[in-house]
Every structure is written in C-alpha cells, then in structure tokens.
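The values are calculated or read from the model by the stated rules, or taken from the named source; none is laboratory data. Predicted model, so just to flag it, every value in this text is computed and none were measured. With ideal geometry, Cβ positions are generated from the backbone for all residues, glycine too; neighbour counts draw on all protein chains shown.
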Amino acid sequence: MERLPRLAAARRPCEHSPASEPHIGVARLQQGAGFHRQELGRRWTTDELLALSKSLPAKTAPGEAWEYNNGGYAVLGAIVEKLTGKPWYDAVQERISRPLGLSSIRYAVGADTAARYVPSGSGGQPVEGIDMSIAGAAGALVGNVGDMAKWANALHSGKVVRPDLYAEMIRPATLNSGKTFPYGFGLHLRRLLDKPMIEHGGSGRGIDTASAYLPDDKLFVAVFANANGLPTDSSDVMRRIAAAALGSPFPAFTEVPVDAGTIAPLLGRYGSGGQEVRFLRRKDDYFVAVGDDEVRVLAAGNDRFFSASSSLNWVQFIRGADGALSIQMNNASSARPRLHPRIGDLPAVAPVKAPAAVLRTYVGRYRTETLPVTVSVAADGDLIMQAEGQAPMPLRAVSETEFRTEDNRMRIVFHPEDGKTDRFTIHRGARELHGVRVSAD
C-alpha cells in the first residue's frame with residue numbers, strides 16, 4: 001500500500017485531477033440506453049467498474065482541473081488488486097483493519113448495517129435494490145464511528161504510512177498550471193475557526209457521513225447518518241461538535257418573524273478591501289450575495305440573519321454611533337468576523353426570463369442517483385422541478401441553461417446537446433446530482 005503514492009499514474013486519481021465525469025456508479029448506469037433497475041442490485045467487480053470509468057470521455061487532460069471523480073478510486077482499487085493479487089477489500093482487511101483492530105471496518109457487501117432511508121414526503125422511504133459493490137473502492141466499506149476514531153489516530157500518528165508519505169497525503173493538489181487546490185489524497189484541507197482541519201466525507205442513497213481531524217488539538221470527530229437529504233447534514237453536525245470540543249461553540253439560531261419594514265433599511269451594498277457584499281430581497285426571501293454567489297438567509301432577530309443551508313454561517317448588522325450601518329460576516333472557517341461598511345443602495349436589476357420555447361425542451365421525467373425527478377412549466381411560465389414524494393420547487397432563471405431554487409440552496413444546470421436536452425446537473429455546495437431524461441412527458 002505504501003508504494004501507491006510513488007506511482008505517477010496513481011497520484012492524479014488520488015487528487016481527483018483527471019477531470020472525467022464525476023461519478024461512475026448509479027448515474028452512469030442510468031445514462032446507458034440499456035439501463036435496467038436490476039443493474040443496481042447485481043454484484044459489480046473492480047474490472048467492470050474500471051471498464052465503466054474508462055468508457056467515460058475526459059473533460060480535461062490529467063492535472064488540468066480538479067473535480068471529484070469516483071472513477072479515480074476504481075483505478076486505485078485495480079492497482080491494489082494488481083499489486084496484492086487479491087480483491088482490494090481483502091487487502092484492506094489484511095493490511096489495515098486487522099492490524100489496527102478495526103473490527104467493524106469491512107466490505108459493505110453482505111455486512112449487517114443500519115437500514116438506510118431517503119426523504120419522501122414528510123417521512124422517509126427505505127433504500128432497496130442497490131448492491132454496495134457498485135461503489136467499489138470509492139465507498140464500499142462500512143464501519144462505526146469508534147473504529148473511525150481509531151483509524152484517524154493511527155493515520156495521523158504515523159502508524160499507517162511513513163512520515164514522507166503522510167506529508168504527500170495532506171499536501172494540496174498542484175495542477176499543471178501551478179495552481180493548487182486544497183485537497184490531498186482523499187482528504188479535504190480546510191479550516192475550522194482558523195484552525196487547520198483535515199476532512200473526509202461521503203454521501204449516497206441513505207448515507208451521509210462526515211469526519212475531520214484537527215491536528216493542532218489532536219481532535220477527531222465523525223458523524224454517520226443512515227439517511228441523506230436531511231435539513232441539517234452531517235458536516236454541519238460534525239463542525240458543531242468540533243467547535244464545542246474546542247471551547248468555542250457556534251451559536252444556535254431559530255427563525256423568528258420580523259416585519260419587512262424593519263429589514264428594509266438594511267438592504268443595500270456593503271464593502272471593503274475590494275470585496276462587495278449585497279443584502280437583497282427577492283419575493284419574500286432575503287439573500288446575502290458576494291459576487292455571483294447568493295445565500296438565502298433567515299431572520300434570527302436583533303438584526304441577525306443565518307444561512308438557510310448552514311446555520312454555522314451568519315451575518316449581523318451593526319450601527320455605529322453616527323447611525324452608519326455595517327454588515328458583520330461570520331463563517332465556520334474563521335474565528336474572526338469581517339466587517340464591511342455600507343457603501344450604497346442596490347442597483348436596479350431586471351429579472352432574467354428564459355424563453356418559453358427553451359423551457360419546454362427541459363420538460364420531462366429524469367432519473368438521478370437518488371429519486372426520480374419531474375421537470376415541468378407552471379401556469380405562470382416558471383420552470384418547476386419536483387423529486388418523487390417531495391414538494392415542487394420553482395426555479396429562477398440565471399441564464400437560459402442555469403437556474404436556482406428560490407432558497408438559492410441548489411443550482412441546476414441543463415446540458416443541451418445537438419438541439420435537445422437530456423441531462424441536468426444539480427449543484428448543492430460541493431455535491432452534485434445528475435439527472436438523465438427517461439421520458440418527455
């Protein structure tokens with residue numbers, strides 16, 4: 001196992017810098033004309049997953065861009081099998097799990113695990129008919145948080161790989177241009193309250209996990225959930241636990257009703273140091289925008305607003321002795337809030353309206369990695385997206401091909417090809433969901 005980072009061919013898959021299609025599992029199977037649901041429930045081999053990965057066209061040459069790519073781990077799993085002469089998961093058991101006493105960490109196929117659920121209406125729907133072998137070396141392992149803590153201690157204390165190889169694991173990926181990306185070998189390199197944080201997580205149908213190690217404090221936190229698509233995801237819970245353990249807990253916010261007339265004087269442009277922040281209202285919702293990124297916020301009272309997607313990020317409006325307004329930006333990565341004074345009113349912006357003829361080309365039913373999705377056009381001309389068993393979501397046009405949900409938590413991009421549109425990508429934070437049209441009605 002220690003030889004793998006020395007292989008030039010293995011470095012790029014570890015760093016996710018061969019930018020092919022990002023997922024080779026459920027979504028890729030659903031793109032095939034011969035897709036059948038039973039394909040998800042059958043046993044998959046490493047060779048089959050490798051062939052599936054190789055069949056995908058590369059978006060860029062290796063090292064030109066960074067994008068998460070499960071296919072890279074199909075390659076790594078194949079390398080392990082070539083070097084050891086046994087299935088990658090047996091090699092993990094023999095070389096890692098047993099020597100470190102990680103009795104719960106094993107191959108997911110046939111393992112006794114918690115039932116998994118996906119959101120459906122006001123409750124949950126059991127996940128059935130998916131064989132975990134389809135995840136391959138990218139995620140077909142199971143375990144508990146106790147063994148994850150043992151694994152983290154072993155990895156970060158030098159019991160798994162030599163110090164020089166560990167340094168490679170936590171070094172940012174360097175692209176061909178010389179630009180770096182904060183991702184090592186399967187590890188996000190982030191910060192929490194100005195402290196370095198080495199993070200890894202994963203999600204899928206009925207799975208949502210997050211874990212992080214803070215080297216300055218030798219603190220490790222892991223959160224496992226047997227459902228995905230929850231209002232609060234595991235990464236937020238993990239950060240709250242870590243911050244509390246560090247003695248700097250994040251405040252807890254609850255949405256409170258606030259009169260629109262009270263909020264109106266806060267709307268405007270704020271900025272300093274070359275950065276501009278806009279606080280705006282759209283219909284009945286409020287947003288904090290920096291550049292093209294908008295975050296829907298909820299009122300917490302006392303001129304405080306927290307992100308609807310993550311209450312770890314919030315803003316507070318502060319009035320100086322002269323009555324001048326400033327916006328204080330608080331986020332989970334930094335312990336030091338940023339203060340931006342008001343610099344002016346919001347400019348008048350005409351709403352983007354995609355042509356009705358274009359919207360009609362998006363209408364239909366789509367398969368995704370999770371639930372079936374229907375796209376339709378409402379009577380008022382707005383595009384509507386609705387996942388099976390969930391409430392419809394009106395979409396706001398940003399361009400003819402890009403849309404956002406009203407709460408701005410998701411960005412939806414349609415991909416027209418040769419005069420028709422059969423695919424879309426949903427972006428939610430760093431995560432993606434891929435839709436493939438199955439019918440036009």
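Remarks
- Every condition in (1) in contact with a helix residue (DSSP H, G or I) (Cβ under 7 Å, 6 or more places away or on another chain); (2) at pLDDT below 95; (3) within 18 Å of HIS200 (Cβ to Cβ); (4) not aromatic (Phe, Trp, Tyr) is met by LEU100 except one, and the failing one is (2).
- Residue in region 134-190 that is surrounded by the fewest Cβ atoms within 10 Å (Cβ to Cβ), counting only those that are assigned to a helix (DSSP H, G or I), of a type in the set (D, E, K, R) and touching a residue at least 40 places away in the same chain (Cβ under 8 Å): GLU168
- Filtered residue count, region 191-201, keeping only those that are at positive phi and in a strand (DSSP E or B): 0
- Of all the residues in region 206-249, those that are aromatic (Phe, Trp, Tyr) and either farther than 24 Å from GLY184 by Cβ or surrounded by fewer than 16 Cβ atoms within 10 Å (Cβ to Cβ) (or both) number 0.
- Residues of region 269-279 that turn out to be of a type outside the set (Ser, Thr, Tyr) and at pLDDT 95 or above, as a count: 6
- Note on region 368-402: residues that are under 21 Å from the mean Cα position of the chain (by Cα) and assigned to a strand (DSSP E or B) total 7.
- Filtered residue count, region 345-391, keeping only those that are touching a Ser or Thr at 6+ places or on another chain (Cβ under 8 Å) and over 21 Å from THR425 (Cβ atoms): 1
- Taking the criterion of being touching a residue at least 12 places away in the same chain (Cβ under 8 Å) and either of a type in the set (S, T, N, Q) or under 16 Å from ALA140 (Cα atoms) (or both), the residues of region 98-110 that qualify are LEU102, SER103, SER104, ILE105, ARG106, TYR107, ALA108, VAL109.
- Any hit, region 413-424, residues being under 25 Å from THR232 (Cβ atoms), modelled with pLDDT under 90 and not in a loop (DSSP other than H, G, I, E, B): no
- Residue that is modelled with the highest pLDDT, among those in region 356-367 that are in a strand (DSSP E or B) and touching a Gly at 6+ places or on another chain (Cβ under 8 Å): TYR366
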